[in-house]
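Asks: One structure, pasted below without further comment.
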Amino acid sequence: MMRNEEGDGMESNYLIMLDKHRQNHKWFDENYSMLVEHYNNEQVAVYEQKVVDHDADLDALIARIKKSYPMEQVFIQYVTKEKITLILMVEKCG
């Protein structure tokens, strides 16, 4: 099956977007201790490996980010000093 050039371009754009998101996520993880000192209990927005905004209110943060940055390339994550535990509950059937 042959691909057209337009399809290849779209695929390349998605790969670039995913790579940028991965880079922002990696930067976030590597700088978490610094981030938690400055932005404890807040959502942090990272774009091009830099904090571009932060807020305790996620909706307010997203509204501001949408005005200035391409949302699909911004990594947003909650920062906290407290350890978060995820509990998975499984229900038995039958």
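Asks: Sort out which residues of the range 14-51 are loosely packed, with under 15 Cβ neighbours inside 10 Å and among the aliphatic types (A, V, I, L, M), and write them in order of number.
Replies: Passing the criteria: L15, I16, M17, L18, M34.
Asks: Within the range 52-88, which residues are surrounded by fewer than 14 Cβ atoms within 10 Å (Cβ to Cβ) and among the acidic types (D, E)?
Replies: Result: D57, D59, E72, E82.
Every number in this text was worked out from the coordinates using simple rules, so none of it is lab data. Treat the numbers as computed from the prediction; the structure is a model and nothing was measured. Counting neighbours? That spans all protein chains shown, and the Cβs are built from the backbone with ideal geometry, glycine included.
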